[in-house]
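Notes follow the structure.
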Amino acid sequence: MIFLDQTFKTIQIACYIVGKETDENRVYRFLLPKILASHTESFFTKTKMNEHLEDLYGAYFKTGIERVGHYHLMHITLTIVDPDLVSDPLLLKQAIDLFKDVLNPNRTINPSIFEEERRLYIEQHKSMVDRKRTYANYRFNQYFFKHDVYQKPLYGGLKALRKATHETLMETWKEIQTNDTFFTVCHGMLNDDDKALLSQALVSKGPVLNQPLFSFRKPKKEVLEVIEQTDMKQAIIKLGYILPIYRYDSLYEAAILLDTMLGGYPESELFKVIREEKGLCYDIYSSYDSYRGVLMITSGVDRLNHQQAIDSIKEVILDMEDRIALDSLIHAKQYVIHQIKSSLDSQSSGTKRAFMRRFLGLNEEVDKRIQKILSVTETDIKDALKKLTLDTVYVLEGVPHETDTL
Amino acid sequence: MKQIHFERFKETLYILKLKNGLTVHMLPLLLESYTTFVEVSIPFGGMHLAYQKGHLKKELHSGIAHFLEHKIFAMPEGDAFAGFSKLGADANAMTSYTQTSYIFSSTEQVIEALDYLLNMLDTPYFNQENVESEKKIINEELKMYLDDPIQLMQNKLLENMYHVHPIKYDIGGTIDSIEPINDRDLLDLYRDMYHPKNRLLTIAGHMDLKALTSYFKSYEKKDMGFYEKPKIIIPKEPKHLVKKHEVIYKPTSMPKMMLGVKLPSKNRKPQDAFKREMTINMFLNMLLGASSKPYEMLLEEKLINQNFFVQSTFEKGAEMILIYAESKKITTLKKKLIDLLCIDREVYLKKSTFDRFKKAYLGQFIHSLNHLETKVYLYSRFYHQGLSLFEVTDVLNEISYDDLNEVMNEIKANRISTLFLKRPKV
């Protein structure tokens, strides 16, 4: 169990569950965290559970899943107010009991809640086409990550949702108890008695994990260009680059800074050229993923000018080596360091960071990490840039419906 | 410097009033924090489309407050975003119906970034070229929002609810409404609204109070001249709706509905207005929130899905409830919701639920204090409404169960407008 003593007005109790994803269990690993946190045996409907959370001064659960290398993470976090601020000495104990019930290995799961969640996600999938950005992202992933696990949506897809059964969900929960590793993190102002109470009730358990394996395929032989159409006023463009630099690589910090300089903040080259100089868009950004070794550029542009925008982005990348100057590198470093330091003031970031450090086996302190950022040179950035290869260009082109007016 | 301590929340507020008119409120976190959040807020936003200055009445193009927010970042040396980045600060801005805010967060060089922020606000740099190029960027922003069906429907529903109140216009305006805006319009507006006397500077998080005080001593020497605050004009809105119901036909995967309740609005003292806002908010959550019986029933009957929300909006002269849903049975859902709001509501407003909600709201308030950016935003929002952030819990305590009945009776079927978005008929 990890304890983090930091002054916040709230206390967080989080459980991270790390295991392996398969085609068979994907949909269940997606549904489980939300379903587990939606009720317990004592509060057997969502309504009862929400009433109880309100009674605990608006306590709330946050759940989620993600992929890190070849591992699959599920997390459930409960946040409560600091009991001192509401003068309620029973609050922490009640919260611990609730959290324990949520993760009870032998618990039952209300079948009607399972059916309801399944229905909600099926409808969510069907209506995705109306949420243009989400839809563009989904379609882009289909092409960019073709023949790779990342092509498969975390929720398993429509077919898997339709086929999912309550029985298999229960079996998956049992298997997770045996196969997965559980990490518990408690974050906030806790005294020794509180910590003893938490340690007694909640445990970290499971097999010792190896470091996650990060790898991705080589770029496609030819750049894949796809244009799809939908009823929309803009066009959404997404460019996928392979950047084979991973979390433990020596160029990792350089890749972060390259991403920042390219499209990570308002002084970035893409923001300056595509938005400010050419007025082609309102938003443009790049995002580097060190677990997958990719860098993606996203923008919403005028639907009639999407080719011009794509050409201009490619030009910026081609000229990027000349655009890497000491001044811009210093500014990018300042920005990244600010992001690292300010994340220390966020309780949720701190909770997740504590888990990730343990999970990834990273022991470096924040100062060391900042030092690594500061020591990146222009040559390092250029070396990282050399590894960048365009793989996929995806356009969701707007074709406004005839009744549309602005 | 004035100092006020709020023992219950372990917060201390420091207030400075500078000679050039700027008001400064500081909420330091002295232990274990790195980030400083700084916000300058101006009580001028998207629904302020007319004002009186002296004998002169001025009318504005919708979207101009948001346009001005964009152009404030233009500096003679280039884009101010780059200036903040050079100082390691992360800057942003936003325009609401009644307020424009300029924010940055920083962990180093806070005073330098603060000086840059104030300098940016003191340096209007508008010309024909930079105004025209900004129009292209804002046009893309507006189109982006209109590609979101919720935003599209909200704009249309407000047009169907309000005759003359400027809340019927989108905060960003439209491509047509921003087209005539020129550099002169922006400069006039800047002079009328952006004087330091009309600004609140809020600082929260890690800070060196001594260094800040010393900086303000130097900044207050900057004479910004005489200023007369304009009087915002909000036209009187009739009580009745423009349109009771409309259907938009547009490609969509599932029918969507937005329902709006136009509540009667009158001038109230800030505390009373806020109490009313909280009461209606509580009423809505008790009726249709995640722990309510009706919400559970609507889910069971498969009439709603995850894309369901209930919200209330309270602005001067425009108070409303909005409900959004996606449903295969949209007509049935509409009837159920109207019956619930107008007839069946009393069944669900129990005293025990009310007491539980009071606890939950207190908790939510404490949660919001945990997040610096939210804290700064809420602080200025309440300040411009004539309230203190730390009065919120007092107002919460004043709400009685009877208050719920009072607001409940204001909801009537003839005050409800609905909008459907459906696939075109083949």
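The values are calculated or read from the model by the stated rules, or taken from the named source; none is laboratory data. Because the structure is a prediction, the values reported are computed rather than measured. Methodologically, a virtual Cβ is constructed for each residue, glycine included, from the backbone with ideal geometry; neighbour enumeration extends over all protein chains shown. Side chains are part of the model used for accessible areas, which takes the heavy atoms of the whole protein and leaves out ligands, DNA and RNA. Shrake-Rupley method; radii C 1.70, N 1.55, O 1.52, S 1.80 Å.
For this structure, a couple of remarks:
- Other residues lying with their Cβ under 15 Å from the Cβ of residue A:205 contribute a combined charge of +1, Lys and Arg counting +1, Asp and Glu -1.
- Normalised by residue count, region A:3-45 yields a Cα convex hull volume of 130 Å³ per residue.
- Cross-link pairs B:243/B:351; B:335/B:425; B:17/B:229; A:233/B:168; A:20/A:195 - those with Cα-Cα distance over 28 Å: B:243/B:351; A:20/A:195
- With respect to chain B, whose longest principal axis is taken over its alpha-carbon atoms, helix B:372-384 is tilted by about 90°.
- For the protein assembly as shown, share of DSSP beta bridges that run antiparallel, in % to the nearest 5: 85
- Shape metrics for region B:132-174, restricted to C-alpha atoms - Rg then Dmax, Å: 11.5, 34
- Note on residue A:200 and residue B:108: their simple-model spin labels are 4.7 nm apart, each label 7 Å out from Cα toward Cβ.
- Dipole moment magnitude, nearest 20 debye, region B:1-108 about Cα centre, only Lys, Arg, Asp, Glu C-beta charged: 600
- Restricting region A:165-251 to chymotrypsin sites (Phe, Trp or Tyr not before Pro) that sit in a DSSP loop and have at most 14 other Cβ atoms within 10 Å of their own Cβ leaves A:248.
- Net charge over other residues, Cβ less than 9 angstrom from the Cβ of residue A:335 (K, R count +1; D, E count -1): -1
- Accessible area per residue for the protein assembly as shown, computed on protein heavy atoms with a 1.4 Å probe, is 42 Å².
- For chain B, the dipole from Cβ point charges (+1 on Lys and Arg, -1 on Asp and Glu) about the Cα centre works out to 1640 debye, to the nearest 20.
- Exposure rank, largest accessible area first [B:261, A:208; 1.4 Å]: A:208, B:261
- Percentage relative contact order, chain A, counting C-alpha pairs under 8 Å, at least six apart: 22
- A dipole drawn for the protein assembly as shown from +1 and -1 charges on Cβ atoms has a positive end, and of A:201, B:41, A:37 the residue lying farthest that way is A:37.
- Chain B - Rg (one decimal) and Dmax (whole number), Cα, Å: 23.0, 71
- Net charge, residue A:262 excluded, C-beta distance under 10 Å - Lys, Arg +1, Asp, Glu -1: -1
- For chain A, the convex hull spanned by the alpha carbon atoms encloses 168 Å³ per residue.
- Remark: relative contact order (region B:9-101) = 28 percent; criterion is Cα-Cα distance under 8 angstrom and separation of 6 or more residues.
- Exposure ranking of B:161, B:94 by accessible area [1.4 Å probe, largest first]: B:94, B:161
- Candidates B:224, B:278, B:144: whichever shows maximal mean-square fluctuation once chain B is modelled as a Gaussian network with Cα springs under 10 Å: B:144
- Chain A: angle of helix A:326-343 to the longest principal axis, Cα-based, in degrees nearest 10: 10
- Charged-residue dipole, Cβ positions (Lys, Arg, Asp, Glu), region B:46-202 about Cα centre, Debye nearest 20: 640
- Put simply, the amide H of residue B:45, placed in the peptide plane, has neighbours under 5 Å in B:99, leaving out anything fewer than 5 places away on its chain.
- The candidates A:132, A:159, A:368, arranged from most to least accessible area with a 1.4 Å probe in the full protein assembly, appear as A:159, A:368, A:132.
- Surface accessible to a 1.4 Å probe, residue B:2 within the full protein complex, Å²: 120
- Once C-alpha pairs closer than 8 Å and six or more residues apart are averaged by separation and normalised to the residue number of region A:270-372, the relative contact order reads 16 percent.
- Which listed pairs, of B:58/B:262; A:278/B:135; A:152/A:218; B:197/B:231, have C-alpha distances above 20 Å, in listed order: B:58/B:262
- The alpha carbons of the protein assembly as shown occupy a box of 78, 70, 67 Å along the principal axes, longest dimension given first.
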